[in-house]
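Reviewing the structure listed below.
The values are calculated or read from the model by the stated rules, or taken from the named source; none is laboratory data. These figures come from a predicted structure and were not determined experimentally. All Cβ positions, glycine included, derive from the backbone under ideal geometry; neighbour counts span all protein chains shown. Accessible surface is based on the protein model in full, side chains and every heavy atom, while ligands, DNA and RNA are left aside. Shrake-Rupley method; radii C 1.70, N 1.55, O 1.52, S 1.80 Å.
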Amino acid sequence: KRVGHARGHSRRRVLLQAATLQERAHAGPMVNRDPLTGWTATEVAELRMWFSFLTLVLVAMSFMRWVGFLDYFRLVFFCAPAWLTLIVSPFHSDRSTCKLVSYSCVLFLVFWTTVHCYPSQCRHAWGTAMVTDPSFYESDGAIADAILAEKNSYFSMGEVTERERLMFWPKGPPKNSTEDFHPTQRDSIKAALDIIKSEDNVTKDNLLVRKWIESWSGGLSMSILMLRAYCNIHQADYELPHVFPLRVLGVLNNQAHWTVPCPYWSCLMTEAKPNEKLPFLAVLGVVGFVNFLHARCMCTVCTCFSWYLGAGKPRLFWWWLWAALLPLWLVMFVKTTYDDEFLVVINHIFHEWWDPLADYIMDPEHSTYNRITLLALFASFAVVWRYRQKIKHDMGLEGFTLLSLLADRGEFVHEAMLTFQVCIWRVD
């Protein structure tokens, strides 16, 4: 009887422990919460990071406004990923792919509509003002003077001071005793304009010269160069072009008579040119580097600073910041490359990719070989995608992603793992 009673008691205890563990598994991992606030240590760290980022954003926006003299539109527009993340990220406790993608798509449409309603319209308004100004558009002398001033804003001729001579020529530059046979043509713009206009006659030497003047000539476009020069000489005028921002959305000016002036920067903000894309790479590089440092670095000397910033561990905050930054980056990248509507841009990009591929497939001399090559590439990709899990297992890359390599640290991943122990006793 005693043995049977002990067996029944132990069996009930095991079942009770198993039921308790099952309830805990369904309820999720146990977390320690503060008895006063009810927050976990991770939530408190995210709150500290929120306050630190808010301080940095306010300081940066104040600096750009009062020191950089940036207008309110560009200040709010280009800092939109920062203050939107401050508003949105505290209400999300995960980084669901569906949420991030939906959030990015909505922001992309908002940013695109904003740029198309105001800066793009302002550029068109400046172009209309230039064409309808006979004192500029019909005067070769005025155009040459304006383009010369635009050229001097990039590369100007000036006398070298004594301090600059000591700084850049410690040994002293060689004395030039040769007279300048063409003193009146040093700042002449006629030769450069002839090269820009000669799009059909491009020789090897002429191509090199075109590369030199491409940076300040708007990508060797005479129209872009003229508009930039016209906006430059009229940037301080009291009478500027005005636009109706809501007209793009279908609201006519007699329904909502709201006009906005077009300052000088609106003439250049959406200038479509294929080059000068280095600032876009710099933005991604700087933000990515700061994200990497924040997630990986733990300052052993200034522990209070790291504690306040929440550094040393991947944060959900950065996921929502990237989800807001990439749509703005993509909108400005496209708008500074194509000056068209959204669907027109998509059609143009599609033909840029499809037309070379169609020519490659339909090549009359190597069409069969090219088709077999493409078919083999697609088949290889399909096989690799079908057996990707087995390939990862065989190569020892299970659970490995590029983001985890850049952002995660091994000790934090180990701490995040849910570990529990089950002890089962049997009494015979």
*Given (1) surrounded by fewer than 11 Cβ atoms within 10 Å (Cβ to Cβ); (2) modelled with pLDDT under 75; (3) out of contact with any Asp or Glu (no Cβ under 9 Å at 6 or more places or on another chain), index of the condition MET157 fails*: (3)
*Name, by its number, the condition in (1) farther than 30 Å from PRO241 by Cα; (2) at pLDDT 70 or above; (3) small (Gly, Ala, Ser) that does not hold for SER188.*
(2)
*Out of SER380, SER367, report the one residue that is among the polar types (S, T, N, Q) and either modelled with pLDDT of 85 or more or under 27 Å from CYS117 (Cβ atoms) (or both).*
SER380
*asked:* When you scan region 58-69, do you find a residue that is crowded, with 16+ Cβ neighbours inside 10 Å, free of Cβ contacts under 8 Å to residues at least 12 places away in the same chain, part of a loop (DSSP other than H, G, I, E, B) and not small (Gly, Ala, Ser), even just one?
replied: no
_Filter result (open to solvent by less than 40 Å² (accessible area, probe 1.4 Å) and touching a Cys at 6+ places or on another chain (Cβ under 7 Å)) within region 229-253_ = CYS231, PRO241, VAL243, PRO245
*asked:* Under 8 Å between Cβ atoms, which residue pairs at least 6 apart in sequence (or on different chains) link something in region 264-279 that is in contact (Cβ under 8 Å) with a residue 60 or more places away in the chain and among the acidic types (Asp, Glu) with a partner that is buried (at least 16 other Cβ atoms within 10 Å of the Cβ) and not in a loop (DSSP other than H, G, I, E, B)?
replied: GLU271/ARG123; GLU271/ILE224; GLU271/ARG228
*Subset of region 44-67 (residues that are farther than 27 Å from GLY310 by Cα and within 21 Å of the chain's Cα centre (by Cα))*: none
*Do you know which of the residues in region 84-134 that are modelled with pLDDT under 90 and charged (D, E, K, R) is surrounded by the fewest Cβ atoms within 10 Å (Cβ to Cβ)?*
ASP94
*Residues located in region 339-354, provided they are touching a residue at least 60 places away in the same chain (Cβ under 8 Å) and either in contact with a Ser or Thr (Cβ under 7 Å, 6 or more places away or on another chain) or open to solvent by less than 40 Å² (accessible area, probe 1.4 Å) (or both)*: ASP339
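Okay, residues lined up against (1) among the hydroxyl-bearing types (Ser, Thr, Tyr); (2) modelled with pLDDT of 85 or more; (3) open to solvent by 30 Å² or more (accessible area, probe 1.4 Å):
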site: HIS257; (1), (2), (3): no, no, yes
site: SER266; (1), (2), (3): yes, yes, no
site: THR270; (1), (2), (3): yes, yes, no
site: PHE292; (1), (2), (3): no, yes, yes
*Quick one: ILE147 ticks every box in (1) at pLDDT below 90; (2) open to solvent by 60 Å² or more (accessible area, probe 1.4 Å) except a single one, so which number is it?*
(2)
_Please go through (1) in contact (Cβ under 8 Å) with a residue 60 or more places away in the chain; (2) assigned to a loop (DSSP other than H, G, I, E, B) for SER104 and return the number of the only condition it doesn't satisfy._
(2)
*Does TRP385 satisfy the condition of being surrounded by 13 or more Cβ atoms within 10 Å (Cβ to Cβ) and at pLDDT 80 or above?*
no
